[in-house]
Amino acid sequence: MSSRPAAAAAVLSVVALSAVAFCAAVPAQAAPAGEATVSVLHGVPGLKVDVFANGKALLPDFQPGTLTEPLKLPAGSYDIKIFKAGEGPNGTPAIEKKIDVPGGANATLVAHLSADGKPVLDAFVNDTSKIPAGQARLTVRHVAAAPAVDVRAGGTPLFKALENPKEASATVSAGTVKADVVLAGTGTVAIGPADLNLKEGTNTVVYAWGNASDKSLALKTQVITGLHSAPSGVKAGESGEASSSLNTVVPWLIGAGVLALAGAGVAGRRAVAARR
């Protein structure tokens, strides 16, 4: 894995927030050249939000545990506002931002809890590089309010001491893997075990999200397809909604803007960038 500069992280945050804006705000025929692919995961337990773009509601009552289908959007400028569900569009938004969206990125924006339980927003770059024949890529992202964890495959630690909000990735043989997540350095199971079907030529991204303190820990899986190496290579794509399966994880984070949802709502904003 390689580190990403903070500047790239900030750009990806902008791209992901703007994904929802395109659907209702910009006619395809008027779009500037260039496209981005963006998915959005809501991983904050018990909190609904409304997302507005250019004054129009795009994701009303966005529910925890929801992963959007990948969105294609043109490069352009958007006015994004995020409210606690039911408080927009005439109230004061927690976040209001004019943004310019570059084309070419493939990213997932994740609203989740930090290790100490504070709502935050992080953007992750999805690895769409080619994978050797017979292989699959497995990526695990720790976005839960929980301490560091080890990820095991068949009872053996595969990734150790993964902290929120970091990521680990590996290329493995295609097939079914039985995995679980345990508290780092222990045998105490936090999530799983679960079977994960890793198909050839895919990047399976598993998110551990929720809150350990109220036992709301859960899993969400995103599958990026079409990563076969030549001569069978095809154009990369994505599958958005996914099953509750589980797998690996260790350091790598691309921070983006941090979303503070004050009280029962969304409140505050700060930029976060990290290297593994």
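What follows is calculated from the coordinates using simple rules that are stated; it is not laboratory data. Predicted model, so just to flag it, every value in this text is computed and none were measured. Ideal geometry is used to build each Cβ from the backbone, glycine not excepted, and the neighbour counts take in all protein chains shown.
Residues in the stretch 158-190 that are part of a loop (DSSP other than H, G, I, E, B) and in contact (Cβ under 8 Å) with a residue 40 or more places away in the chain: how many?
Qualifying residue count, the stretch 158-190: 5.
Within the stretch 149-169, the residues that satisfy the criterion of being closer than 23 Å to Asp127 by Cβ and surrounded by fewer than 18 Cβ atoms within 10 Å (Cβ to Cβ) are Pro157, Lys160, Ala161, Glu163.
Checking each residue in the stretch 40-67 for being buried (at least 19 other Cβ atoms within 10 Å of the Cβ) and not hydrophobic (A, V, I, L, M, F, W, C) picks out His42, Gly43, Pro45, Asp50, Pro64.
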